[in-house]
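Contents: one structure, followed by commentary.
The values are calculated or read from the model by the stated rules, or taken from the named source; none is laboratory data. It should be emphasised that the depicted structure is a prediction, and the values quoted were computed from it without experimental measurement. Positions of Cβ are generated from backbone atoms using ideal geometry, with glycine treated the same way; all protein chains shown enter the neighbour counts.
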Amino acid sequence: MPKTLIVAQSEFTTLVKTKAFLVSLILMPIVMGGSIMLVRATKDATDSKDRTFAVVDYTGVIAEPLKAVAGLYNSSTPSALDGVLPRKGPRFIPVEIRPDGRDANALRLELSNRVRRGELFAFVELPAEILDPAAGASIRYYSDHPSYNALPQWLRAMVNAVVLNERFRQASVDRALVVRLTKQAPIDERGLFEAASDGGVKPAEEVSVARAIGIPLAALVLMYMTIMTSAPQLLNSVIEEKMSRISEVLVGSITPFELMMGKLIGGAAASTLLSVIYIAGGLLVAQYWGGYASAITPAIVGWFLLFLILSLFIFGSLFVAIGAACNDLKDSQNMMTPVMLLVMIPVFTAGSVMRAPDSTLATALSLVPTAAPFLMLLRISLQPGPPMWQIVLSVLLMAGTACAVVWAGGKIFRTGLLMQGKSATFAEMARWVMAK
Amino acid sequence: MTNAISLTGVTKQFNGTLAVDDLSLAVPSGSIYGFIGPNGSGKTTTLRMIMHILLPDRGEVEVLGSRDTAAARDKVGYLPEERGLYKKMTIRRLLRYYGRLKGEATSRLDASIEDWMRRMELPGLLDRQIETLSKGMSQKVQFVAAVVSNPSLLILDEPFSGLDPVNAQVLKDAVLEMRRRGATVVFSTHDMATAERMCDRIFMIFRGRKVLDGSLESIQNQYGADTVRIRTAGGAAALADMPDVEAVNDFGQLQEVRVAGDPQVFLARLSARTAVYHFEVTRPSLQDIFVRIAKP
């Protein structure tokens, strides 16, 4: 067996037997799944404390209907009034405060003090002009909890619904009729029709958010997490070998380049195994929960694995080179930051690529070799996908970059591996690369 | 006799500092060759160039008849100065891994591993993790890693340092066993007594340059019989201000004295000062020669 493969085999065995691998394999899906379920379970259940607020109604006609709507809302009774939302959180309890000709500022101060004492959660002023659409008056909401937005959102919806009712009533217009006549037609999003095998036409399938966005997003997250967990492990392995002088024993039997390639191949194999297990699990989950397994096509899986392997050679070489150039973990962590940014920046731009995968920006970014494993994969997963020439070009650019980075990383690795004392700087590493 | 190692005009610099300067050396096959020299004199750099771990800036290195020293790697066993073992691996897995990197098949390796572990007095420990071993045990495992592929050339950098006398003896026996099997052994050491007893030839490097190379006898002959070993009633104090005393190595009960002129004249002068119980004209020890060369 070639020596590179002996190193790769040992590296693979060591990696898959580490606690980190087992934690990634078993605990990570449990933690992620558990987190999602926890967020869902606690989203509406965590906040059940009643919110009592004062309503200062200068119109004289809004407070009563608002209290009635709040009663329906709090008792979760369906309402004919459009805009009344089903209750998810706490009860909202309005308390009407009649101004009775008092000074507005004095009243505001009094109510503010009641809020400070905890007697009220907030107070809201409904100016008399609010019934006049031309006046442009606002609902004025006062609270010492600026981050809490459930009550102001509820008030905006409910007060506006009541105000509209009142405006229609004052104009002697039947609001129910207006609502019925102005009801909008929903849009039914579907894919394209296809020729069926029996000669007919296969109906277009309904567009599913989970299918259209969930799978591309899952592919992106899996790629990101696999690279972020695998490549630094290579760095740790190199530093451990360097610090414990194992490197010197190894390069007495094998060239530094063979050693580095063995590490990269072993690391890539372990990461590929991890990803394949996740993809298989993802297929099962997708099939069980929504029958979406067919959306994870063999082509997507194939491209994913190809991009993963190429990116592991690119990022792995960089991390291995840094490991060889450093003499302790602290130094290596400082030097890792720029490489980490190379991994993270494409993920930050994923949102704009998802919104417009065919845009010039998305095309250009997805051809950048360090961004392609994330962004080109994202574009491939988003229907209808990029043209084949763009995919092939990105693979060729990545392969070329991988060769260049492996070559440069090999030169840094060879020089840095036996160096002791202070860690190298980026300038020194560049000189090692340029040296004959 | 062919040479296992041949260095011709080898020079190596690190950041402008000359580590090895125009070094030429021939190590005969089947010999035990001792590398001595003060710390930082270039021993480890020379051994690393022989191992092809470092490449010389100038000169030629030929190992086991091949100038491409990488090609000879599989036939060369290497024990580095600082031990390199994977803490989390078992001894068996580690030795198999290192042996396979030397091109040996696992089936052949297993028998060799068992044999050497027995010789090293480490039987039954193959499935122990490295991190559970003592320093001496680790050093012996590192030695097994160097010899498990049955190399033709064995290079040992400070193999006996830090070992207790029992373990040092086990390792010395193992080195002699390798020589019996036909291997050439090169080792560096600071223990002059070991070098004197074990080595067929001794090479000393000082400030990157060769200063000694040959058998112990030929080296000692270069320095003549200018050393006397004495035991007197007055001890070292009796030697104070004697004009022909160049250097004194005081062992308490015994003194080794380097004299400038005729030893018999020195004896006459010494007898006039104190009672002389023992007087022996001898050649300088390797330790003495080392100190003469390396002392600032």
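Side notes on the structure shown:
- Residue count for region A:178-189 under the criterion of being outside any loop (DSSP other than H, G, I, E, B) and surrounded by 11 or more Cβ atoms within 10 Å (Cβ to Cβ): the result is 2.
- Just so you know, in region A:236-257 the residues that are of a type outside the set (A, V, I, L, M), more than 8 Å from every other protein chain (Cβ to nearest Cβ) and surrounded by 21 or more Cβ atoms within 10 Å (Cβ to Cβ) include one that is farthest from the chain's Cα centre (by Cα), and it is A:Pro256.
- Selection from region A:48-67 of residues that are of a type in the set (Ser, Thr, Tyr) and either in a strand (DSSP E or B) or within 21 Å of A:Arg114 (Cβ to Cβ) (or both): A:Thr52, A:Tyr58
- Region B:68-94, subset surrounded by fewer than 18 Cβ atoms within 10 Å (Cβ to Cβ) and of a type in the set (Lys, Arg), residue farthest from the chain's Cα centre (by Cα): B:Lys88
- Subset tally (residues that are polar (S, T, N, Q) and free of Cβ contacts under 8 Å to residues at least 60 places away in the same chain) for region A:240-254: 1
- Looking only at residues of region B:43-62 that are away from every other protein chain (no Cβ under 14 Å) and acidic (Asp, Glu), we find that the one that is nearest to B:Glu196 (Cα to Cα) is B:Glu62.
- Annotation note: of A:Leu259, A:Leu274, A:Leu234, the sole residue that is touching a Lys or Arg at 6+ places or on another chain (Cβ under 7 Å), part of a helix (DSSP H, G or I) and either outside the structural domain of A:Ile309 (by TED's automatic domain parsing) or touching a residue at least 40 places away in the same chain (Cβ under 8 Å) (or both) is A:Leu234.
- If you go through region B:89-102 and keep only what is of a type outside the set (A, V, I, L, M), in contact (Cβ under 8 Å) with a residue 24 or more places away in the chain and more than 8 Å from chain A (Cβ to nearest Cβ), you end up with B:Thr90, B:Arg92, B:Gly99.
- Among the residues of region A:288-326, just one is at pLDDT 85 or above, over 15 Å from A:Ser237 (Cα atoms) and either of a type in the set (S, T, N, Q) or not assigned by TED's automatic domain parsing to the domain that holds A:Ser230 (or both), namely A:Ser311.
- Matching residues in region A:134-145 - criterion: being loosely packed, with under 13 Cβ neighbours inside 10 Å, out of contact with any helix residue (DSSP H, G or I) (no Cβ under 6 Å at 6 or more places or on another chain) and closer than 17 Å to A:Asp57 by Cα: A:Gly136, A:Ser138
- Selection count, region B:103-149, where residues are more than 14 Å from chain A (Cβ to nearest Cβ) and more than 21 Å from B:Arg180 (Cα to Cα): 12
- Criterion: within 18 Å of B:Thr189 (Cβ to Cβ), surrounded by fewer than 17 Cβ atoms within 10 Å (Cβ to Cβ) and more than 10 Å from every other protein chain (Cβ to nearest Cβ) - qualifying residue of B:Gly34, B:Gly16, B:Gly65, B:Gly40: B:Gly40
- Members of region B:110-135 that are outside any helix (DSSP H, G or I) and surrounded by 12 or more Cβ atoms within 10 Å (Cβ to Cβ): B:Met120, B:Glu121, B:Leu122, B:Leu125, B:Leu126, B:Arg128, B:Gln129, B:Leu133
- Residues in region B:250-268 that are surrounded by fewer than 16 Cβ atoms within 10 Å (Cβ to Cβ) and not in a loop (DSSP other than H, G, I, E, B): B:Asp250, B:Gln264, B:Val265, B:Ala268.
Residues are listed down the side, and each one gets a yes or a no for (1) β-branched (Val, Ile, Thr); (2) within 27 Å of B:Gly37 (Cα to Cα); (3) free of Cβ contacts under 8 Å to residues at least 40 places away in the same chain:
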{"site": "B:Glu82", "(1), (2), (3)": "no, yes, yes"}
{"site": "B:Leu109", "(1), (2), (3)": "no, no, no"}
{"site": "B:Gln129", "(1), (2), (3)": "no, no, no"}
{"site": "B:Val147", "(1), (2), (3)": "yes, yes, no"}
{"site": "B:Asp157", "(1), (2), (3)": "no, yes, no"}
{"site": "B:Ala168", "(1), (2), (3)": "no, yes, yes"}
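- So A:Pro346, is it outside any helix (DSSP H, G or I) and without any contact (Cβ under 8 Å) to a residue 40 or more places away in the chain: no
- Scope region A:84-97; condition modelled with pLDDT under 90 and either under 16 Å from A:Thr52 (Cα atoms) or surrounded by 15 or more Cβ atoms within 10 Å (Cβ to Cβ) (or both); matching residues: A:Val84, A:Arg87, A:Gly89, A:Pro90, A:Arg91
- Test: A:Ser253 is outside any helix (DSSP H, G or I), of a type in the set (S, T, N, Q) and under 29 Å from B:Gly77 (Cβ atoms): yes
- Criterion: surrounded by 14 or more Cβ atoms within 10 Å (Cβ to Cβ), hydrophobic (A, V, I, L, M, F, W, C) and at pLDDT 90 or above - qualifying residue of A:Leu81, A:Leu66: A:Leu66
- Residue satisfying condition, being touching a Phe, Trp or Tyr at 6+ places or on another chain (Cβ under 6 Å) and within 15 Å of B:Ala146 (Cα to Cα), within set B:Val186, B:Val175: B:Val186
- Subset of region A:1-26 that is of a type in the set (A, V, I, L, M, F, W, C) and without any contact (Cβ under 8 Å) to a residue 12 or more places away in the chain - its residue that is nearest to the other protein chains (Cβ to nearest Cβ): A:Met1
- Unique residue being closer than 18 Å to A:Ala68 by Cα and either without any contact (Cβ under 8 Å) to a residue 40 or more places away in the chain or in the same structural domain as A:Leu66 (by TED's automatic domain parsing) (or both) when the list is A:Val173, A:Val178, A:Val159: A:Val159
- Filtered residues of region A:389-415 (kept if farther than 21 Å from A:Leu312 by Cα and buried (at least 20 other Cβ atoms within 10 Å of the Cβ)): A:Thr415
- Qualifying position, being closer than 17 Å to B:Pro28 by Cα and small (Gly, Ala, Ser), among B:Gly234, B:Gly214, B:Gly208: B:Gly214
- Residues located in region B:269-292, provided they are loosely packed, with under 13 Cβ neighbours inside 10 Å, assigned to a strand (DSSP E or B) and more than 34 Å from the chain's Cα centre (by Cα): B:Tyr277
- Test for A:Glu206: is it modelled with pLDDT of 85 or more and either surrounded by fewer than 18 Cβ atoms within 10 Å (Cβ to Cβ) or in contact with a helix residue (DSSP H, G or I) (Cβ under 7 Å, 6 or more places away or on another chain) (or both): no
- In region A:146-177, the qualifying residues are those that are surrounded by fewer than 12 Cβ atoms within 10 Å (Cβ to Cβ) and under 36 Å from the mean Cα position of the chain (by Cα), and the one that is modelled with the highest pLDDT is A:Gln153.
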